[in-house]
Amino acid sequence: MSADTGPDLPRLTVALTFDHDAISDSVRRGDPPVKLSHAEFGPRVGVPRSCELLERERIPATWFVPGHSSQTFPASIELILRGDSELACHGWFHEDFSTIPADEQRRILHRSIEEVVRLTGRPPKGFRAPYWALGSETLDLVADAGFVYDSSLMADDYRLYRVRRGDRHSVEHGTSFGREGPLIEVPVYWAMDDWPHFEPGTGKDGLSTPSQVLEIWLGELRYAYDHAPGGLVMVTMHPECIGRGHRMAMLERFIGEAKGLDGLVFARLEAVVERFQPGSS
Ligand SMILES: [Zn+2]
């Protein structure tokens, strides 16, 4: 039996996570002024608005922050750390880890760990791959760098799981699964991410009405509450996206509905992962 179904667990946990990408990827790509300004909306408006909501609702959150964002926008970090929030890693310039060599990935991971230590005095527990893009060796490097959890894979929804090491897939020999390693996965999914719904040019819908997205997020919340006791519902958001007024109103409604469910708690991912560990290997 997984620790996630133990008797002392809340009926359902909700984790609000924010990827504070800001202009990190625009700088790496050399984006023109309008794209840079779209990204700047995050630290300029989205982060203060999100932090104010979290503070007003007394909700903890997890922030995945590229090193360039924390160094360029220290006021954001001050606001985030003033609340009951966790800092986790998200690359330096929001790199696509599936396209860069292993030694460069390793260097970025260690540099971003050092940045979180500088800001909080302790190493981060979590990593989320920018673009949820991983090379075949990336999660081994993430585990070896000392991270406790990753949040970039999609093999489950309301349950955490151990990442396997050494899976082999080939057309000639088929598939052989490796063994579970130490890294814990907190699974993600596009439907629970604000970006593909709301931002144009992502190859999906873009500019959805908040009512459509709220229907999806509440559908997940209520299904998990009824069918996955002890489970987790995680939402992925970006301040430059969720921070627009009509979307903040949607997030407020989502939080309000969640708070109306008996036995539901909000938690940082590091706390969710900590309680998964005993007896779950
Ligand atoms: Zn990101």
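The values are calculated or read from the model by the stated rules, or taken from the named source; none is laboratory data. Predicted model only: the values in this text are computed from it and were never measured. Glycine gets a Cβ as well: all are built from the backbone with ideal geometry, and neighbour counts include every protein chain shown. SASA here: full protein model, heavy atoms, side chains in, ligands and nucleic acids out. Shrake-Rupley method; radii C 1.70, N 1.55, O 1.52, S 1.80 Å.
Annotations
Every residue, every condition in (1) farther than 28 Å from P229 by Cβ; (2) open to solvent by less than 20 Å² (accessible area, probe 1.4 Å), yes or no:
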| residue | (1), (2) |
| --- | --- |
| S136 | yes, no |
| M154 | no, no |
| R159 | no, no |
| R164 | no, no |
| D167 | yes, no |
| G174 | yes, no |
| P187 | no, yes |
| D194 | no, yes |
| E199 | yes, yes |
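- Residue count, the stretch 89-106 (criterion: among the basic types (K, R) and within 14 Å of the ligand (Cβ to nearest atom)): 0
- Any hit, the stretch 228-243, residues being charged (D, E, K, R) and surrounded by fewer than 19 Cβ atoms within 10 Å (Cβ to Cβ): no
- All positions within the stretch 126-179 that are at positive phi and without any contact (Cβ under 8 Å) to a residue 40 or more places away in the chain: Y131, G146, G166, G174
- Restricting L153, L214, L160 to residues that are within 16 Å of the ligand (Cβ to nearest atom) and either out of contact with any Gly (no Cβ under 7 Å at 6 or more places or on another chain) or over 24 Å from L81 (Cα atoms) (or both) narrows the list to L153.
- Breaking point among (1) at pLDDT 95 or above; (2) within 15 Å of the ligand (Cβ to nearest atom); (3) outside any loop (DSSP other than H, G, I, E, B), for P48: (2)
- Condition check for G83: under 18 Å from L251 (Cα atoms), in contact with a Cys (Cβ under 7 Å, 6 or more places away or on another chain) and either open to solvent by 30 Å² or more (accessible area, probe 1.4 Å) or within 12 Å of the ligand (Cβ to nearest atom) (or both): yes
- Within the stretch 84-99, residues that are within 12 Å of T138 (Cα to Cα) and of a type in the set (S, T, Y) reach partners that are open to solvent by 40 Å² or more (accessible area, probe 1.4 Å) and within 11 Å of the ligand (Cβ to nearest atom) with beta carbons closer than 9 Å, at six or more positions or on different chains, in the pairs S98/Y131.
- Single condition R49 does not satisfy, out of (1) of a type outside the set (S, T, N, Q); (2) surrounded by 23 or more Cβ atoms within 10 Å (Cβ to Cβ); (3) at negative phi: (2)
- Scanning the stretch 86-121 for residues that are under 23 Å from V272 (Cβ atoms), open to solvent by 20 Å² or more (accessible area, probe 1.4 Å) and in a loop (DSSP other than H, G, I, E, B) yields one hit, G121.
- Selection within the stretch 29-45 - open to solvent by less than 50 Å² (accessible area, probe 1.4 Å) and in a helix (DSSP H, G or I): A39, F41, G42, P43, V45
- Tally of residues being assigned to a loop (DSSP other than H, G, I, E, B), over 13 Å from Y158 (Cβ atoms) and of a type outside the set (S, T, Y) across the stretch 209-267: 8
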